Structure formats: C-alpha cells, structure tokens
Amino acid sequence: MQKKQHKVQTLLDAIPHIKKFYGKTIVIKYGGSAQTSPELKEKFAEDIVLLSLVGIKPIIVHGGGARISELLEKLEIKSEFVDGHRVTSEDTMRIVEMVLSGEINKNITSLLNHHGAKAIGISGKDSAIIKATPKENGKFGYTGVITEVNGTMINKLVEEGFIPVIAPIGDSAEPNHPGFNINADVAASKVAQAVKAQKVLFLTDTVGVLDKEGKLLNSLDKDDIENYKKDGTIAGGMIPKVDSCIDAIYNGVNKAHIIDGRVEHSILLELFTSDGVGTQFLRKDNPNNGIDLEKLLSEEN
Ligand SMILES: Nc1ncnc2c1ncn2[C@@H]1O[C@H](COP(=O)(O)OP(=O)(O)O)[C@@H](O)[C@H]1O
Ligand SMILES: CC(=O)N[C@@H](CCC(=O)OP(=O)(O)O)C(=O)O
C-alpha cells in the first residue's frame, strides 16, 4: 500500500514539470557508452515513448564511437582521436557509416517502434539534413564540420508525429563523396539549435562532469570549462561534449545537461524532478542573470 502511495506521489510531483515541457522539443544525444545492455536500451525506449505520450517532442541524435572502434580493431585499422574527435581515413569512413547509419540507427529506430513509437531513422545524408565540409581543411580526413542543419525538415517529421533518430553523418556538396564523420555530441548540439529545442540532454557513462577529485560539478558555464580543459580535468570524449553544451546554450537552447545513461530512467529524473541530475550548462551572464528560470517556475507551480 505504502509503495503504491509513493508511486502516486511521484506521478503528482512530476505534473508541473510535464506541464512545463508540454509541446516543447527536447534533443537527446544517446552516446555509444550509454547503449551498453539490452535492459538499459529498453528503459531508454520506455522513457522516450513516455515523453511522446505526455506531449513532449523528442529528437534522438545517437553516437556509437565504441562500436566503431571495436569493429576497426577487428579489421586491424587503428583508431586515432584528437581532442575527442576521430581522425577518419577513407576505410574508417566506410566503417563509420556502416555502424552509425546501418547498425546503430536501425537498432534504435526499431527498438522505439517496438515500444509503440513512430520512429524514423535517418542520417545527415537523407535529404541532406546535415551539410558538412572537411574539418580544418582535411587535416582529419573525412571528419567533418557542420555548415548547416535543416531544422525545418526535422521539425516537419516531428509535426507529423515521428520521432527522428539521427545518425551523425554529414552530407557533402561534392558528388560521389563518402560523406563526413561528425562527432555525435556536435551533431546533437547543432540539431538542437536548428530545431529550436528547449533542452539538449547528453546521455553518457559518467554521472556528469567530474572535478579532479571525482566530485560531480553541478553547474558549468563557458569560463569554468576553459579552465578545466586547460588543466586536464576535462579530457578525451568529454571535450566535444562540454564544447557542444556551451555552443548550444549560447545559440538559443535554454539549457544543456550531461547525465548518466547507465542509470535507469535518467531522462525522466532530469526532466521531471526539481533537482534534476548530472551537470547542467546554463548561461550565467544572461538571459536570466544566473537565475534558473525552469527551477523557479517549477517551484512556483
Ligand atoms: N572531467 C570529466 N568528467 C567525466 N568524464 C570525463 C572527464 N574527462 C574525461 N572524461 C571521459 O569522458 C568519457 C565520456 O565521453 P565518451 O566516452 O566519448 O562518451 P559518449 O560515448 O557518451 O560520447 C567518460 O567516460 C570519461 O572517461
Ligand atoms: C568525428 C567523430 O569523433 N565521430 C565519432 C562519431 C560517433 C560518436 O560520436 O559516438 P559517441 O557519441 O558514442 O562517442 C566517432 O567516429 O567515434
């Protein structure tokens, strides 16, 4: 009986938060390192379907770096990263596309559909929704930088009731080009900006951004992360993630969060509880003078 009452209370507590996000678009970056067990994937799908059912519009941008590296190792192709971004040779690009657009994109799409969603799997090449050019004049091979995201097209899918599941492959303006490998964190941030999302959530394999002592950093802005990058506190795969969070909040997205994808229902915990989870990225200067409007509104409700 007590357990049931607790469940009802949890639902009641979530209502103001659900109201706050009703009709809003949330971009969720589903990192490769959060796609570990079948059970976690099921919980992820349940959360996404629940968001749709309560009138929130989710868009998924997925990674799969670990799976790419695993396959490259089997093929005896070396993986090389610079500041968390993969250097992509022509052979690597073939594997990247096979893994991201083929295997992972279709697995996530099918999983969501089996849970009752209307998910549609696409890559940045489809309808050229993500246009890209070579990163630093080709220094990184087929690793790309995004020049444009067709947010109108993605929003059309959303308005039709679809959940877009997007693989971070960039389209080239050149014919017969293999396309570009885009870091999924960067793709998620640019997609969030283009569709004018309310929030972007990055699901990964840590509780959030940690300091040198391993303590969770609850809230970060631009200056903080520059210092942490300089002294090596933030390194490897966390670099594109924090850069993407900052890029998002300085380009129209209200908030960005890095949350633990290894914890069941972490998306719901972040969106539907007052304290949230993980590390939040919020502009301290403006627009809200460091006031967390979302938190304030939910407390008022
Ligand atoms: N300051 C930090 N706090 C937390 N994780 C960090 C930090 N610096 C580097 N990392 C590393 O970044 C990893 C997450 O990035 P990555 O492996 O690319 O994940 P994803 O596949 O979700 O994009 C963590 O597992 C951790 O090893
Ligand atoms: C250029 C670049 O770094 N591309 C990434 C794309 C996949 C990715 O970002 O996956 P995660 O989010 O799981 O790390 C890569 O090749 O690994």
Inset, instruction - Evaluate segment 183-191: report whether one residue or more is open to solvent by 40 Å² or more (accessible area, probe 1.4 Å), in a helix (DSSP H, G or I) and away from ligand 1 (no atom under 16 Å from the Cβ). - result: no
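Matching residues to (1) away from ligand 2 (no atom under 12 Å from the Cβ); (2) at pLDDT 95 or above; (3) in a strand (DSSP E or B):
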| site | (1), (2), (3) |
| --- | --- |
| His6 | yes, no, no |
| Ala14 | yes, no, no |
| Lys19 | yes, no, no |
| Leu51 | yes, yes, no |
| Ile59 | yes, yes, yes |
| Ile68 | no, yes, no |
| Glu76 | yes, yes, no |
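Does Ala34 qualify as being modelled with pLDDT under 95 and either acidic (Asp, Glu) or in contact with a strand residue (DSSP E or B) (Cβ under 7 Å, 6 or more places away or on another chain) (or both)?
On the way: modelled with pLDDT under 95: yes; either acidic (Asp, Glu) or in contact with a strand residue (DSSP E or B) (Cβ under 7 Å, 6 or more places away or on another chain) (or both): yes.
Yes; evaluated as a whole, the condition is true for this residue.
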Inset, instruction - Residue by residue through segment 254-277, note down the ones that are within 16 Å of ligand 1 (Cβ to nearest atom) and surrounded by 21 or more Cβ atoms within 10 Å (Cβ to Cβ). - result: Ala256, His257, Ile258, Ile259, Gly261, Ser266, Ile267, Glu270, Val277
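Can you name every residue in segment 239-253 that is open to solvent by 30 Å² or more (accessible area, probe 1.4 Å) and within 16 Å of ligand 2 (Cβ to nearest atom)?
Filtering segment 239-253 down to residues open to solvent by 30 Å² or more (accessible area, probe 1.4 Å) leaves 243, 247, 250-252.
Hits for segment 239-253 are Asp243, Asp247.
Can you go through Thr206, Thr233 and tell me which one is within 16 Å of ligand 2 (Cβ to nearest atom), in a loop (DSSP other than H, G, I, E, B), hydroxyl-bearing (Ser, Thr, Tyr) and buried (at least 16 other Cβ atoms within 10 Å of the Cβ)? Step through it out loud before you land on a result.
Values: Thr233 fails: within 16 Å of ligand 2 (Cβ to nearest atom).
The conditions single out Thr206.
Look at Ser79 and say whether it is among the hydroxyl-bearing types (Ser, Thr, Tyr), open to solvent by less than 70 Å² (accessible area, probe 1.4 Å) and out of contact with any Leu (no Cβ under 9 Å at 6 or more places or on another chain).
Working: among the hydroxyl-bearing types (Ser, Thr, Tyr): yes; open to solvent by less than 70 Å² (accessible area, probe 1.4 Å): yes; out of contact with any Leu (no Cβ under 9 Å at 6 or more places or on another chain): no.
In short, no.
For segment 87-97, check the following and say yes or no: at least one residue is under 30 Å from Pro16 (Cα atoms) and either in contact with a His (Cβ under 8 Å, 6 or more places away or on another chain) or more than 13 Å from ligand 2 (Cβ to nearest atom) (or both). It would help to see each step written out before you state the result.
Initially, segment 87-97 is screened for residues under 30 Å from Pro16 (Cα atoms), giving none.
No, segment 87-97 has no match at all.
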Legend entry - Close pairs from segment 59-70: first surrounded by fewer than 21 Cβ atoms within 10 Å (Cβ to Cβ), partner at pLDDT 95 or above and among the polar types (S, T, N, Q), Cβ under 7 Å, at least 6 apart: Ser69/Ser79
Legend entry - Pair list, Cβ < 7 Å and 6+ apart or interchain, from segment 194-215 residues that are under 15 Å from Pro58 (Cβ atoms) to residues that are polar (S, T, N, Q) and part of a loop (DSSP other than H, G, I, E, B): Gln198/Asn254; Lys199/Asn254
Inset, instruction - Select from segment 124-177 the residues that are surrounded by 16 or more Cβ atoms within 10 Å (Cβ to Cβ), part of a loop (DSSP other than H, G, I, E, B) and among the small types (Gly, Ala, Ser) and list them in ascending order. - result: Gly124, Ser172
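Sort out which residues of segment 209-230 are polar (S, T, N, Q) and either open to solvent by less than 20 Å² (accessible area, probe 1.4 Å) or touching a strand residue (DSSP E or B) at 6+ places or on another chain (Cβ under 6 Å) (or both), and write them in order of number.
Kept after step one, since they are polar (S, T, N, Q), are these residues of segment 209-230: 218-219, 227.
Ser219 - this is the single residue of segment 209-230 that is polar (S, T, N, Q) and either open to solvent by less than 20 Å² (accessible area, probe 1.4 Å) or touching a strand residue (DSSP E or B) at 6+ places or on another chain (Cβ under 6 Å) (or both).
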Inset, instruction - Would you point out the residue of segment 98-114, among those that are surrounded by fewer than 17 Cβ atoms within 10 Å (Cβ to Cβ) and over 29 Å from Lys135 (Cα atoms), that is farthest from ligand 2 (Cβ to nearest atom)? - result: His114
Inset, instruction - Can you tell me which residue within segment 82-97, out of those that are open to solvent by 30 Å² or more (accessible area, probe 1.4 Å) and not in a strand (DSSP E or B), is nearest to Thr25 (Cα to Cα)? - result: Glu97
Inset, instruction - Please indicate, with yes or no, whether at least one residue in segment 146-159 is within 20 Å of Leu100 (Cα to Cα), modelled with pLDDT of 95 or more and small (Gly, Ala, Ser). - result: no
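The values are calculated or read from the model by the stated rules, or taken from the named source; none is laboratory data. Since the model is a prediction, treat every value here as computed from it, not as a measurement. Positions of Cβ are backbone-derived with ideal geometry, glycine not excepted, and every protein chain shown enters the neighbour counts. Keep in mind that these areas ignore ligands, DNA and RNA; they rest on the heavy atoms of the full protein, side chains included. Shrake-Rupley method; radii C 1.70, N 1.55, O 1.52, S 1.80 Å.
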